[in-house]
Amino acid sequence: MMTRWAALSAALALGACQAASELHGPRALNVSYDARSLILNGERRLWVSGGMHYSRHQPQLWAPVLQQAKEAGLVGVTSYVMWNQHENVRGTYDWGQVQPRSNVTRFLQTAHDLGMLVHLRLGPYIDGEWNYGGFPWWINQVDTTPGDNSAFESEMKRWIGALVDHIRPFLASNGGPIIMMQIENEFSDQTPGGMKYAEWAMAMAEALDTGIPWTFCNNSGSATYTLPPNMISTANAGMGPSDFIRQKLCGKESTAYPNQPCIWTEIEEEFYQWSGSDDGGVAPAVFANQQLQWYSLGGAGSNYYMWSGGTDYGLSAGDDDTTSYHQYSCLEPVFDKPNEPKYSFLGRLHKVLREHET
């Protein structure tokens, strides 16, 4: 699929940003995959995406941010869905009636209109440096018994079902922009009863019959799960591409799931800064070559965390976060303008990847 490393490295020096092609239309989009890539309507596509949480941007900024992502060559964006933003009061859903930033269908329609695809990450736990990891406060009032998750599972199933029903018209299987959805996030096999719960959550999601692949973010590193037929195991990582390649492409998962694409759902610390030992940031040429290495050795997708961080409004920030979210994004966090030279440099990288994806 990808040509020789030398050809990619040489090509990186050429050209400017190229807008991503529109990959979907009004008709249903068939989304499948194999060990090498996603396959959209029979055509191979590398998943080159960037994180943008609609909850952290005012609605009037959604279109400009998505447009700039498109102009930088991204195929699509990823966004968490914050349960506590949409169901702050138990049993009452806010789809934009109370808080305009909760209008998820408007966000999805904006992405659709601009020809951008979406990986929607439902959680319900999302971390994301968001208050309570996305859980609503009232979840503490749900009666639970040690070792018995049934009460929580009932609430979670109700919420995920309501959310999927609300966004169902925007699934790729119905002609919309959502090509994948994620259940759970950064899961660890160290959680008591975690393996049983994880497999329940995946089966619950699969039973919703969305017609698109689901992803399960498994950060255990050492654990493999019994996956439903249409579930892709992914991971977030702050370890850097070299270590992540060893874990995902050469580790237990490559043996356990030989017919799945390797998708890196969050490129974290090494993406933050161009240089500096305080957070593991690397220079642009080093980072770009790591990305090329990831795809050349078998990676099928990656996601910059964050492409556009946005703002934590009100009391939404987690206890280790500030008002401005991820100041090292490709777009400046306050005015959402290109953060140079990162924005343009990565645009050239994406042009190379798009030229060699098939």
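Some observations on this one:
- Within the accessible area of region 60-217 (1.4 Å probe), percent carbon and sulfur: 50
- For region 56-118, the fraction of C-alpha pairs farther apart than 13 angstrom is 63 percent.
- Over region 66-133, accessible surface divided per residue gives 31 Å², non-protein components excluded, 1.4 Å probe.
- Computed accessible area, His326, all protein chains, 1.4 angstrom probe, square angstrom: 30
- Residues with amide H under 5 Å from that of Glu332, placed H, sequence gap 5 or more: Lys337, Asn339
- For Ala162 and Thr358, a Förster radius of 41 Å and the Cβ-Cβ distance give a FRET efficiency of 0.60, rounded to the nearest 0.05.
- Cut-off 14 Å, label 7 Å out along Cα→Cβ of Trp137, residues of region 81-114 by amide N: 84-85, 87-90
- Heavy-atom accessible area order for Cys330, Cys262, largest first, 1.4 Å probe: Cys262, Cys330
- Inter-probe distance in nm under a simple model that places probes 7 Å from Cα toward Cβ, at Ala285 and Thr323: 3.9
- By the rule of a C-alpha distance below 15 Å, with chain neighbours fewer than 8 residues away ignored, the aspartates and glutamates paired with Lys70 are Glu22, Asp113, Asp336.
- Cα-based equivalent ellipsoid of region 134-227: semi-axis lengths in Å, sorted from largest, via gyration tensor: 24, 18, 11
- Overall dimensions of region 81-162, expressed as equivalent-ellipsoid semi-axes from the Cα gyration tensor (√(5λ), whole Å, largest first), are 27, 14, 11.
- Label-point separation, Asn174 to Ala256 (7 Å along Cα→Cβ), nm: 3.3
The values are calculated or read from the model by the stated rules, or taken from the named source; none is laboratory data. This is a predicted model, so every value here is computed, not measured. Neighbour counts are summed over all protein chains in view; Cβ atoms, including those assigned to glycine, are modelled from backbone coordinates with ideal geometry. These accessible areas exclude ligands, DNA and RNA; they are computed on the full protein's heavy atoms, side chains included. Shrake-Rupley method; radii C 1.70, N 1.55, O 1.52, S 1.80 Å.
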